[in-house]
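J.: Have a look at this one before I ask anything.
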Amino acid sequence: GAVVSQHPSWVICKSGTSVKIECRSLDFQATTMFWYRQFPKQSLMLMATSNEGSKATYEQGVEKDKFLINHASLTLSTLTVTSAHPEDSSFYICSARDPLADYYEQYFGPGTRLTVT
Amino acid sequence: GQQLNQSPQSMFIQEGEDVSMNCTSSSIFNTWLWYKQDPGEGPVLLIALYKAGELTSNGRLTAQFGITRKDSFLNISASIPSDVGIYFCAGGDAGNNRKLIWGLGTSLAVNP
């Protein structure tokens, strides 16, 4: 149980374009999803917390107009990187909280590798 | 943001050896979680700890929730090549909007 998928697994885009990443909980309903960014050989950095039906809560220093998050259903959250630039290249990982599990447990998707050229 | 002190930063061991890594914090946590991340993949939850002093096993993995609630350790017995990866600890912080606070990771390499 507690399976989370992400799509696409990798994407290459040109500078100035926008990219949308999808995160789905496959076998449970996730009222809360999280978006992380990870640089090579570093830990996970929380970008935002997404609650179904409400606005996402962004961490300090994360531009909400650049990283648009939508959590329109209990099984889907999307992250859109708008007007992407090379410095946005990174590994983006989503996670979801299973309401039937312990509050702090998060189940992760396989990640999306974004490369902006 | 806040991060946990995780050590060692990296380990290179022989297959069959036991491994021990730990995580410490200046804050008290309600929950300790241990994850493993393979290259190019998302982290996978290995063990979750909910009570101070709790000792929990998952196959060859054993983890403990420190009695002070400020630390946790993870042991891997009889390591095998597929144990290779990065191990992250994460603490559930009730006082920080109930977020997960992450360690910097321990990179494990196993020589067959």
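J.: Could we say that B:THR31 is without any contact (Cβ under 8 Å) to a residue 24 or more places away in the chain, within 17 Å of A:GLU105 (Cα to Cα) and β-branched (Val, Ile, Thr) here? Step through it out loud before you land on a result.
T.: Details: without any contact (Cβ under 8 Å) to a residue 24 or more places away in the chain: no; within 17 Å of A:GLU105 (Cα to Cα): yes; β-branched (Val, Ile, Thr): yes.
So B:THR31 fails the test.
J.: Okay, next question. Kindly provide the set of residues from region A:1-25 that are surrounded by 17 or more Cβ atoms within 10 Å (Cβ to Cβ) and either among the basic types (Lys, Arg) or outside any strand (DSSP E or B) (or both), ordered by number.
T.: Across region A:1-25, the qualifying residues are A:ALA2, A:ARG24.
J.: A further question on this structure: Looking only at region A:26-66, filter to residues that are more than 8 Å from every other protein chain (Cβ to nearest Cβ) and aliphatic (A, V, I, L, M); which one of those is surrounded by the fewest Cβ atoms within 10 Å (Cβ to Cβ)?
T.: A:LEU26
Yes/no per residue for (1) within 15 Å of B:LEU100 (Cβ to Cβ); (2) in contact with an Asp or Glu (Cβ under 7 Å, 6 or more places away or on another chain); (3) within 14 Å of another protein chain (Cβ to nearest Cβ):
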| site | (1), (2), (3) |
| --- | --- |
| A:ILE12 | no, no, no |
| A:VAL19 | no, no, no |
| A:ALA72 | no, no, no |
| A:THR78 | no, yes, no |
| A:GLU87 | no, no, no |
| A:ALA96 | yes, no, yes |
| A:PRO110 | no, yes, yes |
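J.: Read through the list (1) over 19 Å from A:SER18 (Cα atoms); (2) without any contact (Cβ under 8 Å) to a residue 40 or more places away in the chain, then give the number of the only condition that A:SER89 fails.
T.: (1)
J.: What is the one condition in (1) among the small types (Gly, Ala, Ser); (2) in contact with a strand residue (DSSP E or B) (Cβ under 6 Å, 6 or more places away or on another chain); (3) not in a strand (DSSP E or B) that A:SER54 does not satisfy?
T.: A:SER54 satisfies all of (1) among the small types (Gly, Ala, Ser); (2) in contact with a strand residue (DSSP E or B) (Cβ under 6 Å, 6 or more places away or on another chain); (3) not in a strand (DSSP E or B) except (2).
J.: For residues that are among the hydrophobic types (A, V, I, L, M, F, W, C) and within 7 Å of chain A (Cβ to nearest Cβ), scanning just region B:98-112, find the one that is farthest from B:VAL19 (Cα to Cα).
T.: Taking the candidates together, the pick is B:LEU100.
Every number in this text was worked out from the coordinates using simple rules, so none of it is lab data. As the structure is a computational prediction, the values presented were derived from the model and not from experiment. So basically every Cβ, Gly included, is an ideal-geometry build from the backbone, and we count neighbours across all protein chains shown.
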